[in-house]
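**Student:** Dumping the structure here so I can ask a few things about it.
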Amino acid sequence: MASALNQNQLTRRLFLKKAGSLVSAAAVSPFAISTLLSGGSDDNRIIIVGAGLAGLSCAYELDNAGYNVILLEARKRPGGRVRTYRDPFADHLYAEMGAEYVDSTDTYVRDYCKKFNLTILPAKQYDGAYVRGKHLSMEGLKSGRLRLPYQGTNSGQLFGQEVSYIQQWIDLVKEKGEKSPDVLALDNLSIEEMLRKGNAPKDIIDLYTYTNATESTAVPSKMSALYMVLANSRTSAFSENTEEGRIFGGNDQLPKTFAKKLANKIKYNRPLTSLNFNEKNVTAFFMKNGKQQSITGIQCVLALPLPVLKTIRITPGFSNKKSHCINKQSYGHVMKVAMQYRRRFWDEPDSIGQRVFTDTPLRRVYHFSIDQPGPRGILLSFTSGDDARKLGRMNEQNRMQVSRKTCADIWPEAQNHWEGGVTKYWNEDPWVKGSYSVAGVGQKDFREILAQQEGPIFFAGEHTAIHRASMNGAIESGVRVSDEIKQVG
């Protein structure tokens, strides 16, 4: 079995399996037994690349099972796309500049938070909308007293206006099943094309761009119609009623707790440059203090975003279908903007509210510091797709000018209390180069192919997960790979 066992972790079965080699090794060297038990040999090392939640959870589970793991991370911190900013803000305020929400169905995140004594608090639901220059309260929209200024919408709701225009395909899934040729053929259509086939007016396509497409960080013309239909046939899509939460005190506490438990098994500031493998072992080449070094193990887990993985030199390379998926997998654009104000004007009686859906460049704007005390507060924006790309082309000063003006349009008194802000555009991050994976047109088989083992190489990351594009999906993939390695061993 490919494991490195501490003395207190030996089971009877594994002890019997190792006993013969221990006795013979002891006859050769008095240090042999301690070396074998401590996992110091290359012979049984498992190399994990990437200390996001996928790599961390995989390493944590394998380490707990007694395996000899080493985790290489390019950054000086754990967490990957989980990024909590603290330093830019006053009064101990913080903001989630990366992965943010924990849904009620995110069982992997919730289970680890429970294990690590981390609390998940519910997030504020939507108070209103600011679209086409109009302020609309959520109460008014839900009651039908107010209508969205978009042609073809139904009263009583904000999100999900596109569903009635794709109902025939949802019914097709229920009638013929998800694997039928007629259903699978929908992967050749984009969401925009499907909505047009369903006679949706342009306003519905535009509204979808600001509602559910924001969650996917892409634009409807680039997203698979199959994925959209299957999501709606299995459960309701994201809506104004979706229950969300955040880890109290900052989402970065989850990766930091993983990292603390793994201790010196994580090696920071070691970006992977190339990987060589054969039937017997894997050698990872990485940079450390400006010099290339290498480490060898019997197996390797690649838990990297694909835009980064495809820049790594792999010898002898992966299968054609794997390489195709790595090179072609769709990713969206995403930007977070955090803005500090000296006063929480969004709580005033005449305010539109604390959490507002918009069709502005900021898309969704909300009071993030709702669970943090003090007179100051932070408005956080989650924007994606073309709006994120346009903001991404600007420098930081211009991004903040757009953000400041947009917030003043939503809350007129905002200008009087502005103190500053910061942005995070994930597509310019050198260790991500994108948002998270998107189900693109023609990519229905990508996830399964990307998750498949190739020789001694295993693959983790949200792009390989059933619950993709989330912290939950990242952990799901890490646990899956840890189970795969245990089965091999």
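Read-outs throughout are calculated quantities, based only on the coordinates presented, and are distinct from any laboratory measurement. Since this is a predicted model, take the numbers as computed values, not measurements. Note that we place each Cβ from the backbone using ideal geometry, even for glycine, and neighbour counts take in every protein chain shown.
**Student:** By how many nm would the segment from residue 274 to residue 143 grow when fully extended, if each residue of separation counts as 0.36 nm and the alpha-carbon distance is taken off?
**Tutor:** Net length gain for the segment: 41.3 nm.
**Student:** Here is a follow-up. When we measure straight from the Cα of residue 322, which aspartates and glutamates land under 12 angstrom away, once same-chain ones fewer than 8 places off are left out?
**Tutor:** Correct list for residue 322: 445, 448, 454.
**Student:** Moving on to the next point. What value does the range 128-234 have for Rg/Rh, both radii from Cα atoms and Rh as Kirkwood defines it?
**Tutor:** We get a ratio of 1.01 for the range 128-234.
**Student:** Is the C-alpha gyration tensor of the range 166-320 telling us rounded, prolate or oblate? Criteria: a/c under 1.5 is rounded; beyond that, a/b larger than b/c is prolate, otherwise oblate.
**Tutor:** prolate
**Student:** Along the range 351-364, what does the Karplus equation 6.51 cos²θ - 1.76 cosθ + 1.60 (θ = phi - 60°) give for ³J(HN,Hα), rounded to whole Hz, x for Gly and Pro?
**Tutor:** 6, 5, x, 8, 10, 10, 8, 9, 9, 7, x, 8, 6, 10
**Student:** Can you tell me, using C-alpha contacts under 8 Å and at least 6 residues apart, the relative contact order of the range 128-234 as a whole percent?
**Tutor:** Contact order relative to length: 28 percent.
**Student:** What number, in percent, do you get for the relative contact order of the chain if the mean sequence gap of Cα pairs under 8 Å and at least 6 apart is divided by its residue count?
**Tutor:** 22 percent
**Student:** Collect residues whose amide H, placed 1.01 Å from N in the peptide plane, falls under 5 Å from the amide H of residue 301; neighbours closer than 5 in sequence don't count.
**Tutor:** Long-range HN contacts for residue 301: 47, 48, 49, 458.
**Student:** Okay, next question. Grab the Cα-Cα distance for residue 319 and residue 203, subtract it from 0.36 nm times how many residues apart they are, and report the gain in nm with one decimal.
**Tutor:** So the chain would gain 37.4 nm between residue 319 and residue 203.
**Student:** Also: Can you give me the C-alpha center-to-center distance between the range 81-139 and the range 424-489, rounded to a whole angstrom?
**Tutor:** Cα centres, the range 81-139 to the range 424-489: 23 Å.
**Student:** Quick one: check the C-alpha center-to-center distance for the range 291-347 versus the range 180-213, whole angstrom.
**Tutor:** Each part reduced to its Cα centre gives a spacing of 28 Å.
**Student:** Quick check: from the Cα gyration tensor, does the range 293-339 come out rounded (a/c under 1.5), prolate or oblate?
**Tutor:** oblate
**Student:** Let me ask you something else. Given a cut-off of 27 Å, name the pairs among 222/424; 76/444; 256/390; 115/424; 176/444 whose C-alpha atoms lie farther apart than that in the structure shown.
**Tutor:** Check vs 27 Å cut-off fails for 76/444; 256/390; 115/424.
**Student:** What FRET efficiency, computed as 1/(1 + (r/R0)^6) with R0 = 35 Å and r the Cβ-Cβ distance, is obtained for residue 404 and residue 311, rounded to the nearest 0.05?
**Tutor:** Calculated value: 0.45.
**Student:** In addition: Can you list residues from other chains, or at least 5 along the same chain, whose modelled amide H is less than 5 Å from the amide H of residue 434?
**Tutor:** The answer is 427, 429.
**Student:** Shifting gears a bit: Which residues in the range 351-374 have a backbone N closer than 17 Å to a point placed 7 Å from the Cα of residue 416 along the Cα-to-Cβ line?
**Tutor:** 351-353
**Student:** From the square roots a ≥ b ≥ c of the eigenvalues of the alpha-carbon gyration tensor of the range 185-225, which class results: rounded (a/c under 1.5), prolate (a/b over b/c), or oblate?
**Tutor:** oblate
**Student:** If each of residue 151 and residue 174 carries a label point 7 Å out from its Cα toward its Cβ, how far apart are those two points in nm?
**Tutor:** 3.0 nm
**Student:** Could you compute the FRET efficiency for residue 386 and residue 264, with r as their C-beta to C-beta distance and R0 at 35 Å, rounded to 0.05?
**Tutor:** Working from the Cβ atoms, E equals 0.20.
**Student:** Next question, about the same structure. Given bins 5 angstrom wide, list per bin the percent of all Cα-Cα distances in the range 289-405, short to long.
**Tutor:** 2, 8, 14, 14, 11, 10, 10, 9, 9, 7, 4, 2, 0
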